[in-house]
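What follows draws every value from the coordinates through simple rules; no lab data is involved. Everything numeric here is computed off the predicted structure, so don't read it as measured data. Methodologically, a virtual Cβ is constructed for each residue, glycine included, from the backbone with ideal geometry; neighbour enumeration extends over all protein chains shown.
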Amino acid sequence: MKKSRQMTMLTCSITAAAILAAPGAWSALAQDKASGKTAEEAAPYKKKTERELRRQLTTMQFEVTQNEGTEPAFKNRYWNNKKQGVYKCIVCERQLFTSNTKYKSGTGWPSFYAPYNSANVAYREDNKFFYTRVEVHCSQCGAHLGHVFNDGPKPSGKRYCMNSAAMKFIEKRPTAKQPAQGKQPAQGKGPEGDKGPAGVKQPAKEN
């Protein structure tokens, strides 16, 4: 039993070291592989003061992002969110994940198998428990997001277990279809008078 525990701890430590040494390789399936930045992301980021953050964030959001806290499983905003859209950092609004890589992990926290862009998240070793974990944070403002584990689905095999409190979801709304320009509704004539749009009869004209 003791030997099995030691082997588990060793495996976790090796995995953590590998991710920290080459984080990009673990995010190879990120949707934006070109690492191109929007004008908003390219602009210099000014770190917010603690006072500003406390005014901006809820108590739970501050605890999670600034003190590396963890929100309750199954009692958070996005664990079961099935809507299409993007997940941004609650502190600086950097885009982190999209609904395209979100999946049902059964853990009670929103889980993804890859970030939106490998450059938008960063990693560090977390030794708070009896084994080494890999902590994930926003690469721009440093906000704590969650942890990444080695038990995710294909194609990446990774589970980015995030806190809803660290993110803001922006729903992608369907674009309304516009009628084709230049086309007029079909017209026709019949024994009972003019027809308007196809299939709709109009009253006969009086002589």
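Sorting Met162, Met60 by the number of Cβ atoms found within 10 Å of their own Cβ, with the fewest placed first, yields Met60, Met162.
Which residues in region 123-152 place their backbone N less than 16 Å from a point set 7 Å from the Cα of Thr107 along the Cα-to-Cβ direction? Residues 123-138, 144-152 fall inside that zone. Expressed as a whole number of Å, what is the distance separating the alpha-carbon centroids of region 89-111 and region 123-164? Their Cα centres are 12 Å away from one another. The simple spin-label model puts a point 7 Å past each Cα toward its Cβ; for Gln56 and Lys82 those points are separated by 3.3 nm.
Work through the residues other than Thr107 whose Cβ is under 11 Å from its Cβ and net out their charges, Lys, Arg +1 and Asp, Glu -1. List each step's numbers first, then the result.
On the way: positive: Lys104, Arg159; negative: Asp151.
Computed value for this residue: +1.
The residues Thr101, Thr132, Thr70, when put in order of fewest to most other Cβ atoms within 10 Å, stand as Thr70, Thr132, Thr101. Normalised by the number of residues in region 60-104, what is the relative contact order in percent for Cα pairs under 8 Å and 6+ residues apart? After rounding, I find 25 percent. For Asn163, neighbours were defined as the other residues whose beta-carbon sits under 10 Å from its Cβ, and their charges (Lys and Arg +1, Asp and Glu -1) total -2. A prolate overall shape is assigned to region 58-179, the ratio a/c of its alpha-carbon gyration tensor axes (a ≥ b ≥ c) being 1.5 or greater and a/b exceeding b/c.
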